[in-house]
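What follows is a short report on a single structure.
The values are calculated or read from the model by the stated rules, or taken from the named source; none is laboratory data. On a predicted model such as this, the values are computed, not experimentally measured, just so you know. Ideal geometry is used to build each Cβ from the backbone, glycine not excepted, and the neighbour counts take in all protein chains shown.
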Amino acid sequence: MIIENKKTKVIFLDRDGVINHDYGYVSKIDKFDFIDGVFEACRYFISLGYEIIIITNQSGIGRGYYSENDFSILTNWMIKEFNKNDIKILKVYHCPHTPSDNCACRKPNPLMINQAVEEFNINLDSSWLIGDNISDINTAINSKIKNYILIDSKKNNQKDYMIVDNLIDTINIIKN
């Protein structure tokens, strides 16, 4: 009998601007506002057989605006809020460095994705990356993720990738 090694399919989500409103260096629970439709979209992704992983640049840590502990407290609270809404977050990866640090983990570099692939046996061909910045799109490209969506309410015309207003709008794209 042959046992197939099933690979995991994942929706990689950026945090600020995709999951929560980006007020700039969000580090406290009272400043963290979930964007409407996030829980519904994530439950739908799970119903399609996807796992959810969050990948986020957090240069506020490297800039000294908040600490790793502050980030950890907020992240644990965020995960509990997802859990209350019947959503399991597989893992949260973050880069604490500033752009000038030239590290390997800061998006658009692929290290966070590569770590997730190793840890969870991910099939990048059937996975998606959703972000609100061109660095997120470039992360997908640099990581060999073929499916990616930019959330941008301005909807700048772009033929290289799909653009939507918010996470809930990605459902019709991903379900096909």
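In the condition set (1) at pLDDT below 95; (2) under 16 Å from the mean Cα position of the chain (by Cα), V117 is compliant with all but (1). State all residues of the range 73-119 that are among the charged types (D, E, K, R) and free of Cβ contacts under 8 Å to residues at least 24 places away in the same chain; if no residue qualifies, say none. Matches in the range 73-119: K80, K84, E118. Of all the residues in the range 126-161, those that are farther than 18 Å from V38 by Cβ, of a type in the set (A, V, I, L, M, F, W, C) and either at pLDDT below 95 or in contact with a Ser or Thr (Cβ under 7 Å, 6 or more places away or on another chain) (or both) number 2. Take the conditions (1) over 27 Å from K144 (Cβ atoms); (2) among the hydroxyl-bearing types (S, T, Y); (3) in contact with a Phe, Trp or Tyr (Cβ under 7 Å, 6 or more places away or on another chain); T8 misses just one of them, which is (1).
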